[in-house]
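These notes are about the structure you will find just below.
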Amino acid sequence: MNLVVTGASGFTGRHLIEAALGRGIKVSALEADVMQRSAVAEELRALAPTHVIHLAAISQVGHPDLKAFYDVNLFGTIHLLEGLCQLPITPQRVVLASSATVYGAHADSPISEDQRSDPSNHYAISKLSMELAARPFADRLPIVIARPFNYTGPGQSTEFLIPKLVEHFYHRAAQLKLGKLDVEREFNDVRFVSEAYIGLLNHGEPGETYNICTGQALTVKHVISVLERLSNHRIALAIEPALVRPNEIRSLYGDPGKLARTVSGLPRFSIEDTLSWMLGAMDS
């Protein structure tokens, strides 16, 4: 396998490459800016990938430049797919990283891949647009769509909830402002997600979409209680009205059945495993 990864220097990319190298897979990072169509095509010809995982994206829902969502997440993907179509030998599998946010905030949990898409922000809309834009390439490329639910690990930006919590507990902060504490979400481990992506390279069916999830939802309050125990520290919690989303659905989690039937032997990590790993990584 000659694997090419886009977005290799990002949070997920770094962990994915570590997992792939650990399996003895030859990995190359696509260095070209996905917005530069000719540069992407030229580098792909030089790398001659047999497999591709496309991670390059703007992933922060609150990113201030709305146009960038579509420039990178949509048109950057189109440039990649165009370049792959020009290769003399077609890759055996192309995994595109989408997002479970395409289902929207009012989906019924557990959410299966058959759930109707109802994106409610520009990040989610750009990801669904990417999925739709990939369809015209389906007769030329073996494309697999992956929709990961929430996941975390060392190196993730503190603009995301779990790294923010870990940082506050690591530094033994006195107070923390949060939104609702009783909402339930998946908080999966990036190592699980990385192995799922690699599994889809080998076993994902072209033209199919797979949730990357465990179906295990936890409340924010539970995550905080685990951090209190692991760090032996308590933080005074304050509800910040600006962080409370109106009409926020209480519980959102995915149906992992299709993934489990396709990729066997995926590792499982408890929230204690993940948070201990993240706290330990703060020392390095």
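The values are calculated or read from the model by the stated rules, or taken from the named source; none is laboratory data. Being a predicted model, the structure only gives us computed values, none of them experimental. Every residue, glycine as well, gets a Cβ built from its backbone with ideal geometry; the counts of neighbours run over all protein chains shown.
So here's what we get for this one:
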| item | result |
| --- | --- |
| Residue within the stretch 188-201 that is of a type outside the set (D, E, K, R) and either at pLDDT below 95 or assigned to a strand (DSSP E or B) (or both) present | yes |
| Matching entry among Leu259, Leu178, Leu252 (being under 23 Å from Arg116 (Cβ atoms), at pLDDT below 95 and buried (at least 18 other Cβ atoms within 10 Å of the Cβ)) | Leu252 |
| Subset tally (residues that are part of a helix (DSSP H, G or I) and of a type in the set (Gly, Ala, Ser)) for the stretch 160-187 | 0 |
| Selection count, the stretch 209-243, where residues are within 18 Å of Phe269 (Cβ to Cβ), part of a loop (DSSP other than H, G, I, E, B) and in contact (Cβ under 8 Å) with a residue 40 or more places away in the chain | 3 |
